[in-house]
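Some notes on the structure that comes next.
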Amino acid sequence: MKLTVKEEEIMTIFWEHGEMFIRDVLSFIPEPKPSYNTVATQIKFLEDKGFLTRKPIANTFLYVPAITEKEYSGQTIGNVVAQYYNNSYASVVSQFVEEEKMDLDELKALIAEIENRRK
């Protein structure tokens with residue numbers, strides 16, 4: 001599932017700082033800060049999408065990331081490869097090479113890394 005820009009900003013705060021209350025999240029948002037209710041609504045959307053879970057503590061909730069940034073990045077890349085490259089990661093690498101976004105040394109290093117992981 002894809003995050004909006006605002007949702008990704010909030011998730012980045014969770015990924016950097018771990019579990020938090022809404023007021024804690026608000027303290028990490030730069031000025032001009034949105035209202036508490038706006039942040040609470042975004043957090044509710046993130047919970048509904050499965051990115052956050054909550055633990056009741058006294059009369060409030062502690063929110064916990066349910067997915068890591070690495071997991072989200074991997075899913076996002078996988079979706080792009082599926083949608084635009086017919087599930088072919090080789091096509092992605094080929095395009096990077098063709099557009100000179102990846103040089104031969106980087107490609108060789110990538111191949112070496114793959115070979116080392118298979119050993």
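Checking the cross-link filter: which aspartates and glutamates have an alpha carbon closer than 13 Å to that of LYS55, excluding same-chain neighbours under 8 positions apart?
Cα-Cα hits under 13 Å: GLU19, GLU47.
Could you tell me how far the Cα centroid of the stretch 20-52 sits from the Cα centroid of the stretch 79-97, in Å?
34 Å
What dipole magnitude, in Debye to the nearest 20, does the chain give about its Cα centre under +1 on Lys/Arg Cβ and -1 on Asp/Glu Cβ?
Working: 14 positive and 19 negative charges, 126 e Å.
Using only the charged Cβ atoms, the result is roughly 600 debye.
For every other residue with a beta carbon closer than 14 angstrom to the beta carbon of GLU19, add +1 if it is Lys or Arg and -1 if Asp or Glu, then tell me the sum. Intermediate results must be reported in sequence, preceding the final value.
Values: positive: ARG23, ARG54, LYS55; negative: GLU16, ASP24, GLU47.
Combined, the nearby Lys, Arg, Asp and Glu give 0.
ILE29 to LYS119: FRET efficiency via 1/(1 + (r/R0)^6), r the Cβ-Cβ distance, R0 35 Å, to the nearest 0.05?
Working: r = 45 Å, r/R0 = 1.30.
So the FRET efficiency works out to roughly 0.15.
Considering only the other residues whose Cβ falls under 11 Å of the Cβ of ALA66, what net charge follows from Lys and Arg at +1 and Asp and Glu at -1?
On the way: positive: LYS49, ARG54; negative: GLU19, GLU47, GLU71.
Computed value for this residue: -1.
Which cross-chain or sequence-distant (5 or more) residues have an amide H under 5 Å from the amide H of ALA66, H modelled 1.01 Å from N in plane?
Amide H to amide H, under 5 Å and 5 or more residues apart or across chains, ALA66 pairs with LEU52, THR53.
If you take every residue apart from GLU113 with its C-beta less than 15 Å away from the C-beta of GLU113, what net charge results, scoring Lys and Arg +1 and Asp and Glu -1? Please report the intermediate quantities before stating the final value.
Numbers: positive: LYS108, ARG117, ARG118, LYS119; negative: ASP105, GLU106, GLU115.
Local charge sum for GLU113: +1.
Take the Cα of ALA66, step 7 Å along the line toward its Cβ, and report every residue of the stretch 1-38 whose backbone nitrogen sits under 15 Å from that point.
1-3, 11
A short reminder: the numbers here are calculations on the coordinates, not readings from a lab. Just so we're clear, the structure is a prediction, and the values are computed from it rather than from any experiment. Counting neighbours? That spans all protein chains shown, and the Cβs are built from the backbone with ideal geometry, glycine included.
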